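Notes follow once the structure below has been shown.
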Amino acid sequence: MLLRAYLPLLLTLPAGAASVDFSLQDAKGITHTAAELSRGKATVFIFVATDCPNSNTYAPILARLYREYSPRGVAFFNVYSDPAESAATVRKHDADFETPFRALLDPHQTLARETGARSTPEVVILGADGRQLYRGRVDNRFIEPGKTRYQPTENDLDEALGAILQDKAVPHPVTRTIGCAIPGIE
């Protein structure tokens with residue numbers, strides 16, 4: 001029964017799938033495209049939602065990872081794929097949670113569908129060539145819906161970024177996420 005609940009979250013594009021193509025505005029109205037991916041070593045897309053408690057839990061951790069990895073050539077973006085979320089709502093949310101990186105609006109769920117993201121929070125790391133290097137959780141804090149660890153024992157995003165910056169393969173390129181469903185994505 002539990003596997004059936006998670007099966008849609010597991011059946012998505014594998015890491016290493018063909019490169020993605022997108023053109024999305026951020027919450028300030030600036031357009032960002034796939035062409036920007038080549039500017040750095042990797043780009044981290046964190047699919048989040050303003051009303052998802054699991055997403056909101058990670059705000060300080062993601063800010064710390066941004067401060068650690070952005071000087072080393074890694075770009076970070078929150079991605080809001082709920083069509084109901086407006087630029088104003090996203091700006092307020094990111095201000096409330098002191099998010100130090102830009103927020104992309106994905107109201108047509110273009111990036112979510114191209115990367116295979118299904119829930120929030122879900123992380124997708126793309127290489128400079130646009131190929132997917134990692135998709136999954138930030139860490140293993142969430143064990144199953146309603147059950148969490150006080151401290152995670154695996155820090156998947158941090159580990160993936162460390163491997164990428166050392167030009168090594170990501171040890172676990174796909175991990176299971178537990179969070180809020182992205183509306184309209186099945």
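The values are calculated or read from the model by the stated rules, or taken from the named source; none is laboratory data. All figures in this text were calculated on a predicted structure; none of them were measured in a lab. FYI the Cβ positions are ideal-geometry reconstructions off the backbone, even for glycines, and counts take in every protein chain you see. Please note that ligands, DNA and RNA were not included when accessible areas were found on the heavy atoms of the full protein model with its side chains. Shrake-Rupley method; radii C 1.70, N 1.55, O 1.52, S 1.80 Å.
Scanning the stretch 51-76 for residues that are crowded, with 21+ Cβ neighbours inside 10 Å and closer than 21 Å to Leu111 by Cα yields Asn54, Ser55, Tyr58, Leu62, Phe76.
Any idea which of Arg118, Arg113, Arg91 is farther than 24 Å from Ala163 by Cα, of a type in the set (D, E, K, R) and out of contact with any strand residue (DSSP E or B) (no Cβ under 8 Å at 6 or more places or on another chain)? Selected residue: Arg113, the only one of Arg118, Arg113, Arg91 that is farther than 24 Å from Ala163 by Cα, of a type in the set (D, E, K, R) and out of contact with any strand residue (DSSP E or B) (no Cβ under 8 Å at 6 or more places or on another chain).
The one condition from (1) in contact with an Asp or Glu (Cβ under 8 Å, 6 or more places away or on another chain); (2) open to solvent by 10 Å² or more (accessible area, probe 1.4 Å); (3) closer than 11 Å to Phe45 by Cβ that Phe101 does not meet is (1). Could you check, for the stretch 84-91, whether at least one of its residues is among the basic types (Lys, Arg), within 27 Å of Thr148 (Cα to Cα) and either free of Cβ contacts under 8 Å to residues at least 24 places away in the same chain or surrounded by fewer than 19 Cβ atoms within 10 Å (Cβ to Cβ) (or both)? Scanning the stretch 84-91, I find no residue that is among the basic types (Lys, Arg), within 27 Å of Thr148 (Cα to Cα) and either free of Cβ contacts under 8 Å to residues at least 24 places away in the same chain or surrounded by fewer than 19 Cβ atoms within 10 Å (Cβ to Cβ) (or both), so the answer is no.
Here the helices (runs of 4 or more DSSP H) wholly within the stretch 45-117 that include at least 3 residues being at pLDDT below 95 and in contact with a Cys (Cβ under 9 Å, 6 or more places away or on another chain) are 53-57. Test Ser38 against the criterion of being in a helix (DSSP H, G or I), within 19 Å of Asp167 (Cα to Cα) and open to solvent by 20 Å² or more (accessible area, probe 1.4 Å), and give yes or no. It is true that Ser38 is in a helix (DSSP H, G or I), within 19 Å of Asp167 (Cα to Cα) and open to solvent by 20 Å² or more (accessible area, probe 1.4 Å). Taking (1) open to solvent by 10 Å² or more (accessible area, probe 1.4 Å); (2) more than 11 Å from the chain's Cα centre (by Cα) in turn, Arg118 satisfies each apart from (2).
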